[in-house]
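Inspection log for the structure reproduced underneath, given as structure tokens.
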Amino acid sequence: MSTPSLNPLPRLIFASRWLQLPLYLGLIVAQGVYVFLFLKELWHLIHDANNLTEQGIMLIVLGLIDVVMISNLLVMVIVGGYETFVSRLNLKDHPDQPEWLSHVNASVLKVKLAMAIIGISSIHLLKTFIAAGTLGVPLCGTEDAFGNLCTTVTADGVMWQSIIHGLFILSAIGIAYTDRLMSSATANAGHSTSGRPQH
């Protein structure tokens, strides 16, 4: 099948999608930075395992999970975004092709990103809840804070983080519901067109 010839202006507009390529390459660099951060935290966990409390180990492990989930989010944006908005990757029949990439589009990518953000927010909220046991201890950096007996967690901070997490969930539900309505409308329009009598 031959590629249709485009006029100069449409060809320029269509080719402008390649301006996104440096953005995706930049995200790949960011992924490399997260790999370095993961290895750094993993070394800290192994090296200081004897001196860490159970809560300290749990917080570091949650931090590692947080880095992995953000890395997964980067992969979805890089691979899915490039496939959707720039150019085909031609991964059909490739043994390592992600299952979700075979039916990815802007709507599917948007829902998956929303769910990934909720997962990341959940990890941050769990870390805050674990650290909430230090509520009432002087804040780090204040005059009455001394030694290791200080905290960065406040009751207002916990409340607002919980509210923001709830808003993330509501936003994801709204995005998924809107996508479902649009998909249903598209399917109904297709059925109406296919069921129209031919003259």
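Every residue in the range 161-178 that is within 18 Å of the chain's Cα centre (by Cα) and either closer than 12 Å to Ala114 by Cβ or in contact (Cβ under 8 Å) with a residue 60 or more places away in the chain (or both), please. Spell out how you get there, then give the answer.
Residues of the range 161-178 within 18 Å of the chain's Cα centre (by Cα): 161, 164-176.
If the condition is that a residue be within 18 Å of the chain's Cα centre (by Cα) and either closer than 12 Å to Ala114 by Cβ or in contact (Cβ under 8 Å) with a residue 60 or more places away in the chain (or both), then Leu167, Phe168, Ile169, Leu170, Ser171, Ala172, Ile173, Gly174, Ile175, Ala176 are the ones that fit.
Among the residues of the range 46-83, count how many are surrounded by 15 or more Cβ atoms within 10 Å (Cβ to Cβ) and among the charged types (D, E, K, R).
Total meeting the criteria: 2.
Identify the single condition in (1) touching a Lys or Arg at 6+ places or on another chain (Cβ under 7 Å); (2) at pLDDT 85 or above that Leu73 does not satisfy, given that it satisfies every other one.
So the condition that Leu73 fails would be (1).
Condition first: in contact (Cβ under 8 Å) with a residue 12 or more places away in the chain and under 28 Å from Ala176 (Cβ atoms). Can you find one or more residues in the range 41-53 that meet it? Spell out how you get there, then give the answer.
Taking the range 41-53 as the starting set, the residues that turn out to be in contact (Cβ under 8 Å) with a residue 12 or more places away in the chain are 41-42, 44-45.
With the extra rule that they be under 28 Å from Ala176 (Cβ atoms), the set shrinks to none.
Within the range 41-53 (the criterion being in contact (Cβ under 8 Å) with a residue 12 or more places away in the chain and under 28 Å from Ala176 (Cβ atoms)), the answer is no, since none of the residues qualifies.
Restricting attention to the range 156-168, and to residues there that are β-branched (Val, Ile, Thr) and at pLDDT 90 or above, which single residue is surrounded by the fewest Cβ atoms within 10 Å (Cβ to Cβ)?
So in the range 156-168, the residues β-branched (Val, Ile, Thr) come out as 158, 163-164.
From what is left, the residues that are at pLDDT 90 or above are 163-164.
Numbers: Ile163: 10, Ile164: 12.
Restricting to residues being β-branched (Val, Ile, Thr) and at pLDDT 90 or above, the top hit is Ile163.
Does the range 173-196 contain at least one residue that is modelled with pLDDT of 80 or more and either within 22 Å of Ile57 (Cβ to Cβ) or acidic (Asp, Glu) (or both)?
no
Residue check: is Ile130 modelled with pLDDT of 85 or more, in a helix (DSSP H, G or I) and surrounded by 13 or more Cβ atoms within 10 Å (Cβ to Cβ)? Walk me through how you get there before you give the answer.
Values: modelled with pLDDT of 85 or more: no; in a helix (DSSP H, G or I): yes; surrounded by 13 or more Cβ atoms within 10 Å (Cβ to Cβ): yes.
Answer is no for this residue.
The values are calculated or read from the model by the stated rules, or taken from the named source; none is laboratory data. A quick note: this is a predicted structure, and the numbers were derived from the prediction, not measured. All Cβ positions, even for glycine, are placed from backbone atoms using ideal geometry, and neighbour counts span all protein chains on display.
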